[in-house]
1. Using a 1.4 Å probe over the heavy atoms of the protein chains, calculate the carbon and sulfur portion of the accessible area of region 205-328 as a whole percent.
2. Once amide H atoms are built 1.01 Å from N in the peptide plane, which residues 5 or more positions from Ala249, or in another chain, come under 5 Å H to H?
3. So what is the relative contact order of region 273-370, in percent, for Cα pairs below 8 Å that sit 6 or more residues apart?
4. At 1.4 Å probe radius, can you tell me the per residue accessible area of region 204-317 in Å²?
5. With θ set to phi - 60°, apply the Karplus curve 6.51 cos²θ - 1.76 cosθ + 1.60 along region 296-305 and write out the HN-Hα couplings as whole Hz, x wherever there is a Gly or Pro.
6. If amide hydrogens are placed 1.01 Å from N in the peptide plane, which non-local residues have theirs closer than 5 Å to the one on Trp300?
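The values are calculated or read from the model by the stated rules, or taken from the named source; none is laboratory data. Since this is a predicted model, take the numbers as computed values, not measurements. Note: accessible area is taken over every heavy atom of the protein model, side chains too, but ligands, DNA and RNA are not part of it. Shrake-Rupley method; radii C 1.70, N 1.55, O 1.52, S 1.80 Å.
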Amino acid sequence: MDDFSPVSRPRPDATRRTNRRRGRVRVRIAGVLGLAGLVGLTGTAATTPGEGAGVGAGVGAGIGAGVGAGIGAAVPPAWCAEQGPLAARTMPRTIDIAECDLRGRVVLGADGLTAVVPRDGTSVTAHSLRTDGAAELRIEVDDRARQIVIRTGSVQAAQEPSRRSRAPLNACRDGMFRTQSSKWPKGATVRWRYHAGGTGRSNGAVAEGVSNIVNAYTDCRSDRQFNPLPNVSASYAGQTSRPPNVTDAAACGRRDGTNTFGWLAMGGAERNVLAATCTWFSGPTTVETDMALQAQGQSWWSGGGSCPAGAYATEAVATHEAGHVFGLSHVPGASHSELTMSPSVATCDNGPSTLGKGDYDGLIALYGAR
């Protein structure tokens, strides 16, 4: 695909899609408080003295200077002096930059999710989607207040449904959503580039995922689209040889001013990582996002033919990650597992590529109607 237009494109008949939303089985979620309580968790810019007097003065001055220097020198806390990534769980939620300047350092959040603290005055939110759940890490840098605020949390997917767990709500009637602390300006057109990452894959499934979000694609309506559309668009700007600003360990690196979506061999990440999305923001405004799908150690299905056992639907995962790109957060809870932004995805399930009511309501809450 050489071009991507934010205008809705004709879709093939819905009967060719497998695992449609109605009646499909999704992995149930346990530990609902993981992300629901995100805001409460911690580690988401100058007369001549006599000889005796001279000696006394010299000694006194020396002692005074030494004591003054000792008092004036701030001793960093033990957790700040550590080498390598700093664990959010060992740090206070709000950090005084004068006490420990984290800018440029790596912070380790829940379930191994990491991010480099920006030096340029922006803040960053990191999301990871795994085969067994999801994690979130938000690092807000306030250069004016000289503070850094860190929030992190995760949700685990239960291996077996609990007898007490409620049946999932119908996605077409489930209005649950959560939003991030930043979004693109209303009416913005987000330009993005595609990185194949040596996979040889076309941009098709990723482009479809982006389109599914901005064009509110759904199977809840006969015309396959929620209306009115959210007041935000996307534009495909071509391929790039530069990868997303996500590290080998699926951490948010340093931004370069380009929104890059695509594939990355994240060999240093935990084996269950499917994708990672990073969002940099200034105040309430998003300034850059990068999305990386795991090109190493995971099996993927493009939607054509039968799905290989153990493979994940590329379009479904790309749609979920595009939700993060445009400001949506994970929606935890087994009762909401039919929504696109549920922090779980089953193998061979393309259902999350179609939005539920809550996914759409969240976009309208962020951007209003186009």
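1. With neighbouring chains kept in place, the figure for region 205-328 is 45 percent.
2. Those lying under 5 Å, H to H, from Ala249 are Gly268.
3. Reported relative contact order: 23 percent.
4. For region 204-317, the per-residue accessible area is 34 Å².
5. Result, ordered by residue: 10, x, 10, 9, 10, 10, 7, x, x, x Hz.
6. Here the answer is Tyr312, since their amide H atoms fall under 5 Å of that of Trp300.
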